[in-house]
1. Specify which of the listed residues (B:Lys218, B:Lys181, B:Lys239) is more than 14 Å from chain A (Cβ to nearest Cβ), of a type outside the set (Ser, Thr, Tyr) and either surrounded by fewer than 23 Cβ atoms within 10 Å (Cβ to Cβ) or in a loop (DSSP other than H, G, I, E, B) (or both).
2. Considering each residue of the range A:360-375, count those that are touching a helix residue (DSSP H, G or I) at 6+ places or on another chain (Cβ under 6 Å), part of a helix (DSSP H, G or I), within 13 Å of A:Ser413 (Cβ to Cβ) and not aliphatic (A, V, I, L, M), and give that number.
3. Hey, does the range B:185-203 have a residue that's within 14 Å of another protein chain (Cβ to nearest Cβ), at positive phi and in contact with a helix residue (DSSP H, G or I) (Cβ under 6 Å, 6 or more places away or on another chain)?
4. Among the residues of the range A:109-144, write down those that are buried (at least 17 other Cβ atoms within 10 Å of the Cβ) and assigned to a loop (DSSP other than H, G, I, E, B).
5. Just to check your reading of the model, which residue among A:Thr357, A:Thr423, A:Thr368, A:Thr405 is open to solvent by 10 Å² or more (accessible area, probe 1.4 Å) and in contact (Cβ under 8 Å) with a residue 24 or more places away in the chain?
6. Check off (1) among the β-branched types (Val, Ile, Thr); (2) closer than 30 Å to B:Asp173 by Cα; (3) more than 14 Å from chain B (Cβ to nearest Cβ); (4) over 25 Å from the mean Cα position of the chain (by Cα) for A:Ile342 and give me the number that stays unchecked.
7. Which of the residues belonging to the range A:486-513 are assigned to a helix (DSSP H, G or I) and open to solvent by 60 Å² or more (accessible area, probe 1.4 Å)?
8. Could you tell me whether A:His317 is over 19 Å from A:Tyr56 (Cβ atoms), away from chain B (no Cβ under 14 Å) and surrounded by fewer than 20 Cβ atoms within 10 Å (Cβ to Cβ)?
Amino acid sequence: MKGYEALRESIRELGLLPAFGNPGTTELPMLRGIDEYYLTLHDSIAVGMADGYSQYALKPSLVNLHSVPGLGNSIAFIHTASKNRSPIVITAGQQDSRHAVYEPLLYGDLTELVNGLVKMKYEVRHGDDIPIVLRRARAVAMTPPMGPVFISFPMDTLDEEAAYEAKRTGHSPPNLIDEEAVDYIVDRLNHATNPALVMGYEVDVFDAFKEAEAMADALGCPVYGEPLSHRSPFNSNNPRFAGDLLPASTLINMKLLPHDLILIIGGGITLYPYLPSPLLPGKHIISVGFDVDPRLGEAFVMNPKTFLAAAAKKVKHKCDFKREEDLLYMNKVARARSTMGIDYVLYKMKKAFEGFTVVDESISYSPTLRSAMGYGHNKYFTAKSGQLGWGLAASMGMSIINRKTVAVIGDGSFMYSVQGLWTAKKYGLPTKIIVLNNGGYNILKSYAKSYYPELENADYLNIEASITDIAKGFGVEAEIAGNELRELEWLREGSEPKLLLINVDRTVQKMFL
Amino acid sequence: MKALAILPGFIPMDQIKKAAAQILPELELTADASFEKSDADVLIVTTFTKVDAGLLSRMPNLKFIQVASTGYDNVDLGEVRRRGIMLSNIPVANKEAVAEHVIMFALVLLRNFVQLNSQIRAGQWPVLTGARELKGKVFGIIGMGAIGTKLVERLIPFEVGILYNDVRRLPQDREEFYGVKYVELDDLMRLSDIVSIHVPLTDKTRHMITERQLNLMKDGAILINTSRAEVIDEKALIKAVKEKGIRVGIDVYEKEPPDFKSELFSLDNVVFSPHIAGATVESQERFLMETIANVLRYKQGLEPQYRVV
């Protein structure tokens, strides 16, 4: 068997399809026999699509990038996949090793390029390596905390002889638990005066919502979402949910002020911007999960779902927290109607897209969107890295397996990966796209308002583009919403990609201290 | 058509007579309802005139009664129905005035305005006050009719949460438009920082606010009544003011003018107005115009607007 045949068989055996990519000449040798290939018109969009697909499906998918240029174009997306803990297997073609010494066109140190961004990296030396390295790549990518891996394929190795033997490969979430640690943590909780729970993205990854709610009820204490969680950390309809922590030390400290013990489950603390308050001084902090951060305090590696199920049976009822209903919400919605304020737009969106998975890249509206649309299993995704351009690509990847996917993207973000629309149209992906148009980079304007007021009105923070015309240019149906937002119903219906532009209130809100 | 208007004595009758002569020459004006008999087929009254079987029996040709007011509890509806007489009120003339009055009561009470005014007049200069903002409070409206709706429209910019209770719930799109939430009466009393009443007086609404409902209110919450005094059990209200620190704005009284010896008038946390919530120069002009318009409509053989019976 030749190397490329071993690659083809391994990809099938390991369930790595679909593949997303934009190949060049160096990739053609490896693509012989690979089907279910989604072509994207920029390398990076392939990584974003695979990220969305793999996060939603919790299975690996394949990315095929074009040597140094393709990998270089995709670095931000690989960084995001890493932060998103997305189990994608990234491949790239490498120059023929027989003349590598001359540093030919397209040649470069590919594994060095992805240094620090992937869980595993390897450049194939021999045809025989191929099935072995793919098995290892899949296992490493899928081991929690999951993440991207990278394999470089020199062109000549694909035509070398390769020994291939099919091997069974299974994967199930490891129900790892440390009983002694559970008892210790329960004891700390039971002796705490006023504990709080902070839930993170692993609650969604392991579908531990039921267990998380049982724990919250048993303890009776408030549950906060980790700052900038990229997936749903808790069922936001549960009255124990006290909202998301904001990503700045002062704001976190203020929110958690009454609590003496903070138990972080399946997540961590992401910070931005810097504020001079030390982070949670004097608090007893315990982290549990596969993705624990020992920098915060005590840390125990365990399956968060298994931990929650065990601990909920042992903790004492310490508090009786119930979130009060926001009785001012409907008034906010009514006030925002005349100006197309975000509260009104999101209220209408929530009604029209109930039950949909939301891919959020609305940046300056993200905190409001999270609160309005709500959290649930596989219901909310965003880029953990702060990158722009990911939302459209990820939502397209997700929509391959989940027809009820809606992307909510700011106009600034949308323009980063706009050519993704070609792929959506080409493969008939049912992606529904809402572009919230506020005419520029409002998150920068808001940041400037707090820290650099002289820049808030800088011309280079404004953009104007005829987004619906651009979408139509790619063959995607597009509309501009009227004040009643009836077009949301139009957007929801049908199985073809559609785009709705909503011109929202351009007032810059103060989002930072 | 022959029309008779029975108006209270304090209204400038000569002025109205002059205007009526130009607009409706067949209109007879009087301040005295104790006439022996009238053959008028149209009767115009305000709430100051009791329209009962006695008055109606002295008007055998009466076909249409126009009450120049929002309220019409001065009219014996059973007797009017039995006699097959049409009855209209004017529900559109004073709702803005009442809504503004309610907000004034709320702000006066939230800002301790009466006490501050008194202290300054007494030569004092209060530094710290317990003044509160309307922003962020929960406003409960009992009765989402014409006035309740106008109140909501005016409250929206104040950034308050708005709950309401009514015998009829608004359609969902209206609730969304106004940003209001329907709740049961007990929940409204329990959750609101400010409660304002806008229901007509009927057998069902008489004493609808009793000690039980008042006990559900938050300590120090505000209750405003510009509808009818009988909707609230006055004794229970006095108790709630004394024991729960409930603050009250009152525009309406069971007897008007009221008995000023009532304990109500000795309480610090209560502010009063003399049943003038709906009475502004602008609203009186609107009442007059609407009343004239409706009578003219009847005269032309058209269906009068705002039919009650």
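1. B:Lys239
2. Adding up the residues that qualify gives 2.
3. So far as the range B:185-203 goes, no, none of its residues is within 14 Å of another protein chain (Cβ to nearest Cβ), at positive phi and in contact with a helix residue (DSSP H, G or I) (Cβ under 6 Å, 6 or more places away or on another chain).
4. Matches in the range A:109-144: A:Val114, A:Leu117, A:Val118, A:Lys119, A:Val124, A:Gly127, A:Asp128, A:Pro144.
5. Only one candidate qualifies: A:Thr368.
6. (4)
7. So in the range A:486-513, the residues assigned to a helix (DSSP H, G or I) come out as A:487-492.
Within the range A:486-513, A:Glu489, A:Trp490, A:Arg492 qualify.
8. yes
The values are calculated or read from the model by the stated rules, or taken from the named source; none is laboratory data. Nothing here was measured: the structure is a model prediction, and the numbers come from that model. Positions of Cβ are backbone-derived with ideal geometry, glycine not excepted, and every protein chain shown enters the neighbour counts. The protein model used for the area step is the full one, side chains on, heavy atoms only, and it has no ligands, DNA or RNA in it. Shrake-Rupley method; radii C 1.70, N 1.55, O 1.52, S 1.80 Å.
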